[in-house]
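Here the structure is laid out as structure tokens; the discussion comes afterwards.
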Amino acid sequence: MLKIDSVGLTVSAVPLLDNISIDCPRGSVTALMGPNGAGKTSLLKVISGEHKASQGRVEINRQSREEWKPADIAQFMAVLPQSSTLEFAFTSEEVVALGRTPHATGTVRDAEIITAALAKVDASYLAQRSFVQLSGGEKQRVQLARVLAQIWDHFEYEGEYEGEHEGDAPTDGILLLDEPSAAFDLAHQLMLIDIVQQISARGVTVVMVMHDLNLAAKCADQMVFMNCGHCTAVGTVTELLTPELIKKVFSVDAEVITHPVQGTPMVVV
């Protein structure tokens, strides 16, 4: 679905990425991990098209990203940045509606999707509230609903929308998330992980920047450790969550134990 092939990025003579190669199969969850300034957000911006790679290429469905029309990509790729600046007093419902802009699906269907997306992120009660008056965590949940609404046609939650067009859309989509859990409390962090697992199981390819190793371990199919614009390691959660690699990338002494419930690696510092 998504392939990053030998990608490099230089901005204003400053090298930000160097020879990054990652394969992200359809329906997979890839967690980009690393210290501040590692190049994680820069890589997301290359994938999204905000930055053009200085070398290498990004492929979507075996086609160079440069060959895709922006209007076409907007129908199946959505991006949640670290922060979103919105000064207009839109209601939360109107913000989520922005995610439906690339689609010509009609006001009735769009309204149903907007309602379902707000419910999915536990934000139904915010629908008529002014976005600028929300807390940081509430704003982030509304923005998450916006990007879900944008790619809703590619995974549609069972029982939450039934319309004449259901099943007509392709079953692939791409969701790029940049530190999506940073403003969330514990309950909504777990909600985020549940959403990521659900939509990836329905064919959406997810690439997300995360700082919490244990949170990423709950849903990632593969992890990518980055440092100083380089890809230090790519592998499964079990392969990468080792004391040696954590020390090498994060300069932190840590123990890795087995989660008592999930049986997955858990980092203890």
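The values are calculated or read from the model by the stated rules, or taken from the named source; none is laboratory data. Bear in mind that the values here come from a model prediction, so they are computed numbers and not experimental data. Here Cβ is always computed from backbone atoms with ideal geometry, including for glycine, and neighbour counts include all displayed protein chains. Remember, those area values only see protein heavy atoms, side chains included, never the ligands or the DNA or RNA. Shrake-Rupley method; radii C 1.70, N 1.55, O 1.52, S 1.80 Å.
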Residues of region 78-110 satisfying the condition of being surrounded by 15 or more Cβ atoms within 10 Å (Cβ to Cβ), β-branched (V, I, T) and within 23 Å of the chain's Cα centre (by Cα)
V79, V95, V96
Has region 49-62 got any residue that is closer than 30 Å to K248 by Cβ and within 16 Å of the chain's Cα centre (by Cα)?
yes
If we keep only residues of region 33-71 that are assigned to a helix (DSSP H, G or I) and small (G, A, S), then the residue farthest from Q82 (Cα to Cα) is A71
D23 meets each of (1) within 18 Å of the chain's Cα centre (by Cα); (2) part of a strand (DSSP E or B); (3) crowded, with 17+ Cβ neighbours inside 10 Å with one exception, condition (3)
Which residues, taken from region 111-137, are open to solvent by less than 50 Å² (accessible area, probe 1.4 Å), within 14 Å of F90 (Cα to Cα) and in contact (Cβ under 8 Å) with a residue 40 or more places away in the chain?
S130, F131, L134
From the set of residues in region 213-254 that are among the small types (G, A, S) and over 14 Å from M266 (Cα atoms), which is surrounded by the fewest Cβ atoms within 10 Å (Cβ to Cβ)?
S251
Spot the failing condition for R141; the list is (1) assigned to a helix (DSSP H, G or I); (2) exposed (fewer than 14 other Cβ atoms within 10 Å of the Cβ), and only one is missed.
(2)
